[in-house]
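Scroll down for the structure; my scribbles are underneath it.
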Amino acid sequence: MKKKELEQLRQKSVEELVSQSEDMKKQISLDYMKIRVGQEKNLKLVKNAKKNLAQTLTVLSQKQKEGVTK
C-alpha cells in the first residue's frame, strides 16, 4: 500500500476495517483456489493481498488499543 492508502485506512472506523479485513481474507482464499486449479498463474496477487491484509490488521489493532487506553 502507498502512504495515501495507509492514511485513508487510518481514517476509517473499526467496523469498516473489520469488514474490509474479512473481505480481504475471502479474496485471498479465492486467489489460492484459482492458483490450485490453474486459472491464475500470477503468485504475486496473493503476496500483495496478504501484505495489504497485514497492514489493515495492524491499523485495526492500533485503533482498538487506542480505544482501550482512552
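The values are calculated or read from the model by the stated rules, or taken from the named source; none is laboratory data. These numbers were taken from a predicted model, which means no experiment stands behind them. Counting neighbours? That spans all protein chains shown, and the Cβs are built from the backbone with ideal geometry, glycine included. These area figures cover heavy atoms from the full protein model, side chains too; ligands, DNA and RNA do not enter into them. Shrake-Rupley method; radii C 1.70, N 1.55, O 1.52, S 1.80 Å.
Check the range 30-39 and report whether any residue there is open to solvent by less than 100 Å² (accessible area, probe 1.4 Å) and under 13 Å from the mean Cα position of the chain (by Cα).
No: zero hits.
Please specify each residue of the range 7-17 satisfying the condition of being surrounded by 15 or more Cβ atoms within 10 Å (Cβ to Cβ) and assigned to a helix (DSSP H, G or I).
Listed by number, the residues that qualify are LEU9, LEU17.
Condition first: outside any helix (DSSP H, G or I) and either within 21 Å of GLU16 (Cβ to Cβ) or in contact with an Asp or Glu (Cβ under 8 Å, 6 or more places away or on another chain) (or both). Now tell me which residues in the range 26-66 satisfy that.
GLU40
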